[in-house]
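Taking it in order: structure first as structure tokens, then the write-up.
The values are calculated or read from the model by the stated rules, or taken from the named source; none is laboratory data. Every value quoted in this text rests on a predicted model; they were computed, and no experiment measured them. Cβ placement follows ideal geometry from the backbone for every residue including glycine, while neighbour counts extend to all protein chains displayed. Surface accessibility is based on the protein's heavy atoms, side chains included, excluding ligands, DNA and RNA. Shrake-Rupley method; radii C 1.70, N 1.55, O 1.52, S 1.80 Å.
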Amino acid sequence: MISQQDIEANFFDIETITSDILKSQDIVPAFKFLYYFMPDPLSQRDLLLVTDGYHNDQFAQSLLLAVEQLDGGQSVLSKHQIDIPNEYNFTHLLLVPPDFHSYFKGRLDEERKELYLVLPIHNCEYSGSELKELFVEMRHHTNPALDWRRVITPKALLRFENPRTQGGAGSSSGVPVSFTMIDQEIRNLNGVESGFMEVFGFRDDYVEIQSPNQDVYTLRSQYDEEARTMSQKEVIIAVWEFLVQE
């Protein structure tokens, strides 16, 4: 595990939030990280909260103390509901094992073997079942998880083909994209009879979108026997609701 002496030897401007929680930061031209670090001796793991420089000591303390009550370390992601009033409307957290993140690498390589990252999230942002490669890709490209004041950025995996634009993406399970890209591809699909889109959400289900005629769309979930006919605007709204609904 990581000791207080390890933190003091590798970081600057260290502040003690409680007897167990240390706050420190990294500032370089390209980025700023604020760290809340707490050892959890009972489960023999270290807990780390990271923000993009934003401070909220009270929320950080509440979140880390809540994690102490959760099951011990695992080698995969685990998602947990939290009952902590907060201004960000976070309802869940992800407990991220050391192999899924790179914090403290190059400084405390041996000591970080039980360093679990704690990410406060909105329920729709992650399934909690993502494998390492998908989790890393989502964090880097679609979900600004270190920004606690972010707007909701639902998990969205896209698989599509559009012969008109010659665009296409995704294996059978899709690739992570922003909702802005989904909106754009719905518009690009307008009237492309042989094109299609499949959008997968955080519950690991999907909707399929087609546009057999100009300004006419159909949407079908995996649970529907028949597709529903919609306008472009209605499809965009329906896909957003599919991605964020509980």
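Here residue 182 fulfils each of the conditions (1) under 21 Å from residue 141 (Cα atoms); (2) in a strand (DSSP E or B); (3) open to solvent by less than 50 Å² (accessible area, probe 1.4 Å) apart from (2).
Can you spot a residue in region 207-227 that is surrounded by 18 or more Cβ atoms within 10 Å (Cβ to Cβ), out of contact with any Ser or Thr (no Cβ under 7 Å at 6 or more places or on another chain) and in a helix (DSSP H, G or I)? Looking for residues that are surrounded by 18 or more Cβ atoms within 10 Å (Cβ to Cβ), out of contact with any Ser or Thr (no Cβ under 7 Å at 6 or more places or on another chain) and in a helix (DSSP H, G or I), one finds none in region 207-227, hence no.
Inside region 101-146, residues that are closer than 22 Å to residue 202 by Cα and in a loop (DSSP other than H, G, I, E, B) make up a count of 13.
If you check 242, 196, which single one turns out to be under 24 Å from residue 92 (Cβ atoms), out of contact with any helix residue (DSSP H, G or I) (no Cβ under 9 Å at 6 or more places or on another chain) and of a type in the set (A, V, I, L, M, F, W, C)? Steps first, please.
Details: 196 fails: under 24 Å from residue 92 (Cβ atoms).
Testing whether each residue is under 24 Å from residue 92 (Cβ atoms), out of contact with any helix residue (DSSP H, G or I) (no Cβ under 9 Å at 6 or more places or on another chain) and of a type in the set (A, V, I, L, M, F, W, C) leaves just 242.
Please go through (1) open to solvent by 20 Å² or more (accessible area, probe 1.4 Å); (2) in contact with a Phe, Trp or Tyr (Cβ under 7 Å, 6 or more places away or on another chain) for residue 103 and return the number of the only condition it doesn't satisfy. Checking residue 103 against (1) open to solvent by 20 Å² or more (accessible area, probe 1.4 Å); (2) in contact with a Phe, Trp or Tyr (Cβ under 7 Å, 6 or more places away or on another chain), the one that fails is (2). Scanning region 230-246 for residues that are among the β-branched types (Val, Ile, Thr) and within 22 Å of the chain's Cα centre (by Cα) returns 236, 237, 239, 244.
Look at (1) open to solvent by 20 Å² or more (accessible area, probe 1.4 Å); (2) over 22 Å from residue 90 (Cα atoms) and you find that residue 108 fails only one, number (1).
Just one of (1) touching a residue at least 40 places away in the same chain (Cβ under 8 Å); (2) of a type in the set (A, V, I, L, M); (3) over 24 Å from residue 246 (Cα atoms) fails for residue 77. It is (3). Only one of the numbered conditions (1) within 27 Å of residue 130 (Cβ to Cβ); (2) at pLDDT 95 or above; (3) of a type outside the set (Lys, Arg) is violated by residue 192, and that is (1).
Residue count for region 126-163 satisfying the condition of being open to solvent by 40 Å² or more (accessible area, probe 1.4 Å), touching a residue at least 40 places away in the same chain (Cβ under 8 Å) and either touching a His at 6+ places or on another chain (Cβ under 9 Å) or at positive phi (or both): 1. Screening the candidates 114, 87, 110 for the property of being among the charged types (D, E, K, R) and within 18 Å of residue 21 (Cβ to Cβ) yields one hit, 114.
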